[in-house]
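K.L.:
Sharing a structure below in structure tokens format, with a few things to ask.
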Amino acid sequence: MSDNGTVTLTIDGQEVTVPAGVNLIEAAQQVGSEVPHYCYHPRLEVAGNCRVCLVEVEGWGKLQIGCNTMAADGMVVNTANERVNEAREWIMELLLVNHPLDCTICDQAGECKLQEYAVDHGSGVTEFDFEKAKKPKNISWGDKVVFDSERCILCTRCVRFLDEIAGTDEVSIDKRGEKSTLIVKGDGKLTSPYQMNIIDLCPVGALTSRDFRFKSRLWFMRFADTVCTSCARGCNVVAGSRNERLLRMVPVSYTHLRAHETQEVI
Ligand code: SF4
């Protein structure tokens, strides 16, 4: 590490200098390489459970997860060579092994990281020919959030958000193996005033808004950057409308997932 607290490494053939303590997902972004990830979120503790952010660090033997591997001086990292790509295909196959083929009715379709990574990093086929595990659908977590267990990839983003950010620690993983599912502790209903943030954090369609559920396919909607008027803070949000009717408001950070570009400012 240099005196100014930076480290210099090579990623995909390009030398880059980043602050010490930055992980390989963030460092790779500096050279324009996107390392796919589900469970990693820069504001949450690292969980390292989805494994899709595997990268190769030359001389390290096994592939490493980019979220929990910190950039270091002299590292030579490959984020998308043949070895990494083959490993990611396997990871995508495992993540989808029990996932239902219900994109045609899923509200997340069009802005789902499972869809996007399946196309970008999946093989398109599966070697598993047994029946998918069936898990409950349409579970009410209160008057705002609906949980579809069979779509959940157990990335624990929602679990960590409610524990680390909201401070209510309301959701945990129950059971093991293919029977693993999320439960809300106590009476099964969320109480946090921040509970709808987990819908936006969920990278797949497992958590949906009761208010927006089944209202419209995304590709029929128009989106516009605007400011929330619900309180004096004035958070930046993205409004989604169809046929001149406002259907949903989501945090502006959600924009990297949405399918359509902002068309106008309202
Ligand atoms: Fe992750 Fe969504 Fe499942 Fe929560 S519900 S663990 S955010 S996939």
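Quick note: the coordinates plus some simple rules give every number you see, no bench work behind them. Here the structure is a predicted model, which means the values were calculated and not measured. Quick reminder, even Gly has a Cβ in these numbers, built from the backbone with ideal geometry, and neighbours come from all protein chains shown.
K.L.:
Might you let me know whether the range 36-53 holds any residue that is away from the ligand (no atom under 16 Å from the Cβ) and buried (at least 19 other Cβ atoms within 10 Å of the Cβ)?
P.N.:
no
K.L.:
Would you confirm, using the coordinates I've provided, whether residue 145 is within 16 Å of the ligand (Cβ to nearest atom), surrounded by 14 or more Cβ atoms within 10 Å (Cβ to Cβ) and without any contact (Cβ under 8 Å) to a residue 40 or more places away in the chain?
P.N.:
Considered against the rule, which asks whether it is within 16 Å of the ligand (Cβ to nearest atom), surrounded by 14 or more Cβ atoms within 10 Å (Cβ to Cβ) and without any contact (Cβ under 8 Å) to a residue 40 or more places away in the chain, residue 145 comes out as no.
K.L.:
Taking the range 148-157 only, how many residues are of a type in the set (Asp, Glu) and surrounded by fewer than 20 Cβ atoms within 10 Å (Cβ to Cβ)?
P.N.:
Number of matching residues: 1.
K.L.:
If the requirement is being of a type in the set (Gly, Ala, Ser), within 16 Å of the ligand (Cβ to nearest atom) and over 30 Å from residue 187 (Cα atoms), which of these qualifies: 118, 166?
P.N.:
Selected residue: 118, the only one of 118, 166 that is of a type in the set (Gly, Ala, Ser), within 16 Å of the ligand (Cβ to nearest atom) and over 30 Å from residue 187 (Cα atoms).
K.L.:
May I pose another question? Just one of 151, 160 is within 20 Å of residue 100 (Cβ to Cβ) and either of a type in the set (Phe, Trp, Tyr) or within 13 Å of the ligand (Cβ to nearest atom) (or both); which is it?
P.N.:
151
K.L.:
May I pose another question? So, in the range 194-223, exactly how many residues are within 14 Å of the ligand (Cβ to nearest atom) and not in a loop (DSSP other than H, G, I, E, B)?
P.N.:
Matching residues across the range 194-223 total 8.
K.L.:
Starting from residues that are among the β-branched types (Val, Ile, Thr) and closer than 22 Å to residue 158 by Cα, keep the ones in the range 199-235 and report whichever is nearest to the chain's Cα centre (by Cα).
P.N.:
204
K.L.:
Kindly establish whether residue 238 is in contact (Cβ under 8 Å) with a residue 24 or more places away in the chain, under 19 Å from the mean Cα position of the chain (by Cα), assigned to a strand (DSSP E or B) and surrounded by 13 or more Cβ atoms within 10 Å (Cβ to Cβ).
P.N.:
Spelling it out, residue 238 is indeed in contact (Cβ under 8 Å) with a residue 24 or more places away in the chain, under 19 Å from the mean Cα position of the chain (by Cα), assigned to a strand (DSSP E or B) and surrounded by 13 or more Cβ atoms within 10 Å (Cβ to Cβ).
K.L.:
Follow-up. Select from the range 224-235 the residues that are among the aliphatic types (A, V, I, L, M) and either part of a loop (DSSP other than H, G, I, E, B) or within 16 Å of the ligand (Cβ to nearest atom) (or both) and list them in ascending order.
P.N.:
The one that is among the aliphatic types (A, V, I, L, M) and either part of a loop (DSSP other than H, G, I, E, B) or within 16 Å of the ligand (Cβ to nearest atom) (or both): 232.
K.L.:
While we're on this one: Please give the number of the condition residue 187 fails out of (1) more than 17 Å from the chain's Cα centre (by Cα); (2) within 13 Å of the ligand (Cβ to nearest atom).
P.N.:
Condition not satisfied by residue 187: (2).
K.L.:
Would you mind telling me which numbered condition in (1) more than 14 Å from the ligand (Cβ to nearest atom); (2) loosely packed, with under 14 Cβ neighbours inside 10 Å residue 172 fails?
P.N.:
Looking at each condition in turn, residue 172 falls short on (1).
K.L.:
Same structure, new question: Scan the range 207-216 residue by residue and report those that are loosely packed, with under 15 Cβ neighbours inside 10 Å and under 18 Å from residue 113 (Cβ atoms).
P.N.:
none
K.L.:
I'd like the full set of residues that are of a type outside the set (A, V, I, L, M, F, W, C), part of a strand (DSSP E or B) and farther than 9 Å from residue 72 by Cα, limited to the range 7-22.
P.N.:
If the condition is that a residue be of a type outside the set (A, V, I, L, M, F, W, C), part of a strand (DSSP E or B) and farther than 9 Å from residue 72 by Cα, then 10, 14, 15, 17, 19 are the ones that fit.
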